[in-house]
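*Asks:* Take a look at the following structure, please.
The values are calculated or read from the model by the stated rules, or taken from the named source; none is laboratory data. Owing to the predicted nature of the structure, the values given are computational and were not obtained by experimental measurement. In this analysis, Cβ positions are derived from the backbone assuming ideal geometry, glycine residues included, and neighbour counts consider all displayed protein chains. All accessible areas refer to the heavy atoms of the entire protein, side chains included, with ligands and DNA or RNA removed. Shrake-Rupley method; radii C 1.70, N 1.55, O 1.52, S 1.80 Å.
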Amino acid sequence: MTLMPKKAHESLVQMTELVLPNDTNTFGNLMGGRLMYWMDIAAALACMKHCAAPVVTASVDNISFENPIKLGNVVHIEAIVTRAFTTSIEVHMKVWGEDPVLQYRYKSNEAFMTFVALDPNGKSVPYRR
Ligand SMILES: CC(C)(COP(=O)(O)OP(=O)(O)OC[C@H]1O[C@@H](n2cnc3c(N)ncnc32)[C@H](O)[C@@H]1OP(=O)(O)O)[C@@H](O)C(=O)NCCC(=O)NCCS
């Protein structure tokens, strides 16, 4: 199976979540692990839009949490495929928090992740270059 080239914008995924009590740490802010879980899903969905195949997370680059996202605030995640290598796919993510009452957004973090598309036999899938 060979994957067809696509435009980056075709892979765009916009995910919105509400921070509920079960998502928070003891300071009442969104737990980093929960945010990474949502980022992983958004990135995987962007990759699957790109390559129309199941993908696995190969690696995650540095994630630094610039601003905490508070309980009751909204999380916005944008994921887009930025580059396809031979069998691996790079995704860029931007994350914002939003106060839904005061209606302002603030940046939380951004990150790159790498995914690999697998065929039904679990083998990585090459692209047509
Ligand atoms: C990622 C995985 C498919 C790579 O398989 P592999 O047999 O090592 O395959 P290859 O060595 O041919 O690498 C395939 C591609 O993945 C890339 N890759 C492998 N490990 C990587 C890593 N740690 N970071 C970034 N890219 C990686 C390779 O560079 C290669 O990319 P390219 O073909 O575009 O050059 C395999 O290691 C795997 O299944 N890992 C577990 C994935 C998983 O369970 N993720 C959930 C998180 S727990």
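*Asks:* Quick one: length gained pulling F65 to Y104 fully straight, 0.36 nm per residue minus the C-alpha distance? Before the final figure, lay out each step's value.
*Replies:* Values: separation 39, 0.36 × 39 = 14.04 nm, distance 1.82 nm.
Result: 12.2 nm gained on full extension.
*Asks:* Let me ask something additional. So, for the chain, what is the accessible surface per residue at a probe of 1.4 Å, expressed in square angstrom? Intermediate values should be presented prior to the final figure.
*Replies:* Values: 7400 Å² over 129 residues.
Per residue, the chain has 57 Å² of solvent-accessible surface.
*Asks:* Still on this structure: Longer than 19 Å from Cα to Cα, which of K7/K49; K6/K107; K49/K107 are they? Say none if no pair is.
*Replies:* On the way: K7/K49 11 Å; K6/K107 29 Å; K49/K107 25 Å.
In this structure, K6/K107; K49/K107 exceed 19 Å between Cα atoms.
*Asks:* Residue by residue through region 98-108, which ³J(HN,Hα) values in whole Hz follow from phi under the Karplus form 6.51 cos²θ - 1.76 cosθ + 1.60 (θ = phi - 60°), with glycine and proline marked x?
*Replies:* Each residue of region 98-108 in turn: 9, 7, x, 8, 7, 6, 10, 9, 9, 6, 9 Hz.
*Asks:* Give me the dipole magnitude in Debye, nearest 20, for the chain about the Cα centre, with unit charges on the beta carbon: positive for Lys and Arg, negative for Asp and Glu.
*Replies:* On the way: 12 positive and 12 negative charges, 98 e Å.
I would put it at about 460 debye.
*Asks:* If you take every residue apart from A111 with its C-beta less than 13 Å away from the C-beta of A111, what net charge results, scoring Lys and Arg +1 and Asp and Glu -1? Please list the in-between numbers first.
*Replies:* Numbers: positive: K94, K107; negative: D40, D61, E66, E78, E90, E110.
With Lys, Arg at +1 and Asp, Glu at -1, the net is -4.
*Asks:* Rank-order 19-28, 60-69, 80-89 by packing density, defined as the average count of other C-beta atoms within 10 Å over each peptide's residues, highest first.
*Replies:* Details: 19-28: 12.6, 60-69: 14.2, 80-89: 17.4.
Most protected by this proxy first, the peptides run 80-89, 60-69, 19-28.
*Asks:* By average Cβ neighbour count within 10 Å, what is the ranking of 94-100, 4-10, 110-116 from highest down? All intermediate terms of the calculation are to be shown ahead of the outcome.
*Replies:* Numbers: 94-100: 17.6, 4-10: 10.7, 110-116: 19.7.
Ranking the peptides 94-100, 4-10, 110-116 by packing returns 110-116, 94-100, 4-10.
*Asks:* For an R0 of 22 angstrom, estimate the FRET efficiency from the Cβ-Cβ distance between L20 and T57 and round to the nearest 0.05. Kindly include the intermediate steps, with their values, before the conclusion.
*Replies:* On the way: r = 25 Å, r/R0 = 1.12.
With a Förster radius of 22 Å, E is 0.35.
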